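Working notes for the structure below.
The values are calculated or read from the model by the stated rules, or taken from the named source; none is laboratory data. Only a predicted model underlies this, so the values are computations on that prediction, with no experimental measurement involved. Note that each Cβ is placed from the backbone with ideal geometry, even for glycine, and that neighbours are counted across all protein chains shown. These area figures cover heavy atoms from the full protein model, side chains too; ligands, DNA and RNA do not enter into them. Shrake-Rupley method; radii C 1.70, N 1.55, O 1.52, S 1.80 Å.
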Amino acid sequence: QVQLVESGGGLVQAGGSLRLSCAASGRTFSWSAMGWFRQAPGKEREFVSAISWSGGRTDYADSVKGRFSISREYATNTVYLQMDSLKPEDTAAYYCALAEGTRLVPKRVQEYDYWGQGTQVRVSS
């Protein structure tokens, strides 16, 4: 079984930065994509960013392009989401997810097999 543990959330003023981390354990990190989703109160989970196993492919939601950056650290089985120029509309619970057996960059919730517990990000005006 795969376990994903997010950290790094918190409260930040608009224009500030946060870096989220997701540590994976329980299986090999090979041939799996990692993604970040977020969910605001009363809304469904929304794709934020994802990275392929090779690291050669990344994708971002239009709302975060140019502000967020995803990366992987293979030695520690960790994926990061660097969030800069944060806006109040970025406020949400952020979830790390893992999609097994793919070298692509899934963007749909249904394509991911494992999920973390979430970490709360709040951006004040």
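By average Cβ neighbour count within 10 Å, what is the ranking of 91-102, 72-83 from highest down? Numbers along the way, then the final one.
Details: 91-102: 19.9, 72-83: 17.8.
Highest mean packing first, the order is 91-102, 72-83.
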>> Take residue 14 and residue 43, extend 7 Å from each Cα along the Cα→Cβ direction, and tell me the distance between the two endpoints in nm.
In response: 1.6 nm
> Where the centre of each part is set by its Cα atoms, how far does the stretch 1-64 sit from the stretch 86-120, in angstrom?
Replying inline: 5 Å
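Taking the solvent-accessible surface of protein heavy atoms with a 1.4 Å probe, what is the per residue accessible area of the chain in Å²?
On the way: 6380 Å² over 125 residues.
On a per-residue basis, the chain sits at 51 Å².
If you roll a 1.4 Å probe over the stretch 1-58 with all protein chains in place, what percent of the accessible area is carbon or sulfur? List each step's numbers first, then the result.
Values: 1380 of 3000 Å².
Here carbon and sulfur together make up 46 percent of the probe-accessible area.
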>> Over the chain, what is the relative contact order in percent, taking alpha-carbon pairs closer than 8 angstrom and at least six residues apart?
In response: 36 percent
